[in-house]
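Notes to accompany the following structure.
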Amino acid sequence: MGGVGKTTLLTQINNKFSKLGGGFDVVIWVVVSKNATVHKIQKSIGEKLGLVGKNWDEKNKNQRALDIHNVLRRKKFVLLLDDIWEKVELKVIGVPYPSGENGCKVAFTTRSKEVCGRMGVDNPMEISCLDTGNAWDLLKKKVGENTLGSHPDIPQLARKVSEKCCGLPLALNVIGETMSFKRTIQEWRHATEVLTSATDFSGMEDEILPILKYSYDSLNGEDAKSCFLYCSLFPEDFEIRKEMLIEYWICEGFIKEKQGREKAFNQGYDILGTLVRSSLLLEGAKDKDVVSMHDVVREMALWIFSDLGKHKERCIVQAGIGLDELPEVENWRAVKRMSLMNNNFEKILGSPECVEL
């Protein structure tokens, strides 16, 4: 399920291979995600192999596949594919099939057992939620000893909060970071009441969302909430440059520029800091000037945008999925937000009536 730690585990494997080598010539990491195209996957591999340039970008997918194959067939490689939603045809991409003879490896993460079957995996490893003891250890680490020790009854309530997260690492991280600022017994009682009223979940993403929403509800002020929701308009796994994001927030009116540009940017960075500390945004591992959203947190933001799923056409986000024409919309008058960035539009026909957009 989403948020259980698949990407974290694959990252650890990537880091270990990158440091130790393990007898491999090259380690390639590709974030695939929903609606991935052959072009996107080839581009990520081509960048790692030093193939990308103007001439290479203009080639068709068959020519790029041949270039990738010609490089990799002479190397012992590890290919790590994160978050695949359908079968990735290695031959079409240009990746030689791993075998005992060439010693190459392909590993991937997915939410789907069916995808494992289609990819020909003999022995898939299911990542389970944490047991009660490890879940409590993770929440304790995120909340911190100072907060846990600020009232004698908080540890008991914190255990209840941990149980409500059902061992899901993403929920434990996000809720733990949020609770680390709360040092009164009343705040902890309120948190347990809210989380108890949230839908108990047993594995479905839409049942996780009400629990994660507590962290969104705990954000201080409508400006911070609007800034957070805005980040879901970018494509999945998109790395957003902090300065550009603050520019957007100012243009949207979430941050008022009348106080002066420097103060407006300071406020923007303050909001970013709050969102990162709450684990609602992830700071780049190598580039601290970018942020991104975990895909389940992004689902939660879009769910909130759509009035908790009641009005799905209120917010339409189909960013970076290779569209050539406008998506079908039944009721344009209901649409308040629409993001179609990073697609392949050349022209938009018609003039739908969008009174709210």
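Values in this text are rule-based calculations from the coordinates and carry no lab data. Predicted, not measured: the structure shown is a model, and the values here were computed from it. Please note: Cβ atoms are built from the backbone with ideal geometry, for glycine as well, and neighbour counts cover all protein chains shown.
Given the pairs LYS16/LYS213; LYS6/LYS59; LYS48/LYS87; LYS40/LYS91; LYS40/LYS87, which are separated by over 25 angstrom at their Cα positions?
Over 25 Å Cα-Cα: LYS16/LYS213; LYS6/LYS59.
Filter the GluC sites (Glu not before Pro) in region 83-177 to those in DSSP coil with at most 14 other Cβ atoms within 10 Å of their Cβ, and list the result.
Of the GluC sites (Glu not before Pro), the ones in loops of region 83-177 whose Cβ has at most 14 other Cβ atoms within 10 Å are GLU89, GLU101, GLU126.
Take each of the peptides 337-348, 307-318, 132-143, average the number of other beta-carbon atoms within 10 Å over its residues, and list them starting from the highest. Could you put the intermediate results ahead of the total?
Values: 337-348: 12.8, 307-318: 15.5, 132-143: 17.1.
Ranked by mean Cβ neighbours within 10 Å, highest first: 132-143, 307-318, 337-348.
Classify region 132-217: rounded, prolate or oblate, from the alpha-carbon gyration tensor (a ≥ b ≥ c, eigenvalue square roots; a/c under 1.5 rounded; otherwise prolate if a/b is larger than b/c)?
The shape class here is prolate.
Give the order of GLU330, GLU283 when sorted by the count of other beta carbons within 10 angstrom, beginning with the fewest.
By the 10 Å Cβ count, ascending, the order reads GLU330, GLU283.
Please list, in order along region 341-357, the HN-Hα scalar couplings obtained from phi with the Karplus expression 6.51 cos²θ - 1.76 cosθ + 1.60 (θ = phi - 60°), rounded to whole Hz, x for Gly and Pro.
Once θ is set to phi - 60°, the couplings for region 341-357 become 5, 6, 10, 10, 5, 10, 7, 10, 9, x, 9, x, 8, 10, 6, 9, 5 Hz.
Would the chain count as rounded, prolate or oblate if I go by the C-alpha gyration tensor, calling it rounded below 1.5 in a/c and otherwise prolate when a/b exceeds b/c, oblate otherwise?
Note, shape of the chain comes out oblate.
Count the net charge of all other residues whose Cβ sits under 14 Å from the Cβ of ARG189, scoring Lys and Arg as +1 and Asp and Glu as -1.
+2
Counting other beta carbons within 10 Å of each Cβ, put LYS288, LYS75, LYS54, LYS213 in order, fewest first.
LYS54, LYS288, LYS75, LYS213
Using helices alone, I'd like the mean residue ellipticity at 222 nm for the chain: each DSSP H run of four-plus residues gives -39500 (n - 2.57), total over residue count, nearest 500. It would help to have the intermediate numbers written out before the result.
Working: 16 runs with 165 residues, N = 357.
The helix-only estimate for the chain comes to -13500 deg cm²/dmol at 222 nm.
Starting from the amide H of VAL317, placed 1.01 Å from N in the peptide plane, find each other amide H under 5 Å away whose residue is 5 or more places distant or on another chain.
For VAL317, the qualifying residues are SER339.
Give a quick list of chymotrypsin sites (Phe, Trp or Tyr not before Pro) in region 3-65 that DSSP marks as loop, anything other than H, G, I, E or B, with at most 12 other Cβ atoms within 10 Å.
Loop-located and lightly packed - none at all.
For PHE108, what residues show an amide H to amide H distance below 5 Å, using hydrogens built from the backbone and excluding near sequence neighbours?
Sorted by chain and number, the residues that satisfy this are LEU81.
Computed FRET efficiency, Cβ-Cβ of HIS311 and ASN102, R0 45 Å: what is it to the nearest 0.05?
Given R0 = 45 Å and the Cβ-Cβ separation, E is 0.30.
If the cut-off is 17 Å between C-alpha atoms, which aspartates and glutamates fall inside it for LYS54, apart from same-chain ones fewer than 8 positions away?
Here the aspartates and glutamates satisfying the reach criterion relative to LYS54 are ASP67.
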